[in-house]
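Working notes, structure below.
Just so it is clear, none of the values below were taken in a lab; they were calculated from the coordinates. Everything quoted here is computed from the prediction, not taken from an experiment. For neighbour counting, all protein chains shown are included, and Cβ atoms are generated from backbone atoms with ideal geometry for every residue, glycine included.
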Amino acid sequence: FRVFARVPEVANALYPVALLQEGNREVLFAHPPSTIEFQVNFPASRVTGRFGMGSKSYEPPNATDGAEFIVEWIGADGRTVPLFVRHLRPSTVAEDQGSQTFDVPVPRGGGRLILRITPGPNNNLAFDWTYWTDVRFVP
């Protein structure tokens with residue numbers, strides 16, 4: 001998990017997670033459905049990072065129907081709050097190709113931060129080669 005500033009508490013994925021090279025960046029490949037969870041019991045005001053779909057997932061003849069990237073917060077009270085949601089469709093939307101970024105505030109009071117990836121709109125896992133990288137907590 002060296003592509004993250006902190007080691008996650010839990011990583012769950014249907015398929016094995018792996019460190020891979022995407023372009024000039026090392027990424028954590030996490031095919032959907034997957035979750036990566038951090039226990040946030042340290043000072044953090046924001047979380048930033050990169051995510052995307054491997055270029056081979058949308059280069060012909062491959063054609064992913066996309067995937068959804070979610071950053072959510074589970075507070076000490078157990079309530080889940082979505083912080084960021086983005087559905088990538090790189091086969092049909094050029095702006096969705098390549099590395100994407102997120103930068104969101106972290107609620108106060110401690111809790112768990114979840115990085116979640118779900119399959120595309122048709123629940124089709126084909127070519128959903130997705131990743132996270134450069135995840136950092138800002139004090």
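Using the reciprocal of the averaged 1/r over all distinct C-alpha pairs, how large is the Kirkwood radius of the chain in Å?
Averaging 1/r across every pair of different Cα atoms and inverting gives 15.1 Å.
At 7 Å along Cα-to-Cβ for each site, give me the label-to-label distance between THR101 and ARG86 in nm.
1.0 nm
Find out how many positive minus negative residues lie around MET53, taking Lys and Arg as positive, Asp and Glu as negative, among other residues whose Cβ is under 10 Å from that of MET53.
Counting the neighbours of MET53, the net charge comes to -1.
What number comes out for the charge environment of ASN24, summing +1 per Lys or Arg and -1 per Asp or Glu over other residues with Cβ under 15 Å away?
-1
With springs only between Cα atoms under 10 Å, which of ARG89, ARG25, ARG116 fluctuates most in a Gaussian network model of the chain?
In the Gaussian network model the winner is ARG25.
Just to confirm a number: summing +1 for Lys and Arg and -1 for Asp and Glu over residues other than ARG86 whose beta-carbon lies under 9 angstrom from that of ARG86, what do you get?
Net charge around ARG86: -2.
Just subtract the alpha-carbon distance of ASN24 and ALA63 from 0.36 nm times their residue separation and send over the number in nm, one decimal.
Gain on stretching ASN24 to ALA63: 11.8 nm.
Suppose R0 equals 35 Å; then what is the FRET efficiency for ALA76 and LEU125 from their Cβ-Cβ distance, rounded to the nearest 0.05?
0.55
Using a Gaussian network model of the chain whose springs link C-alpha atoms within less than 10 Å, name the residue from THR118, THR64, THR80 with the highest mean-square fluctuation.
Comparing THR118, THR64, THR80 in the GNM, the peak value goes to THR80.
Hey, in the GNM for the chain with a 10 angstrom Cα cutoff, which one of ALA67, ALA18, ALA94 fluctuates hardest?
Greatest mean-square fluctuation among the candidates belongs to ALA94.
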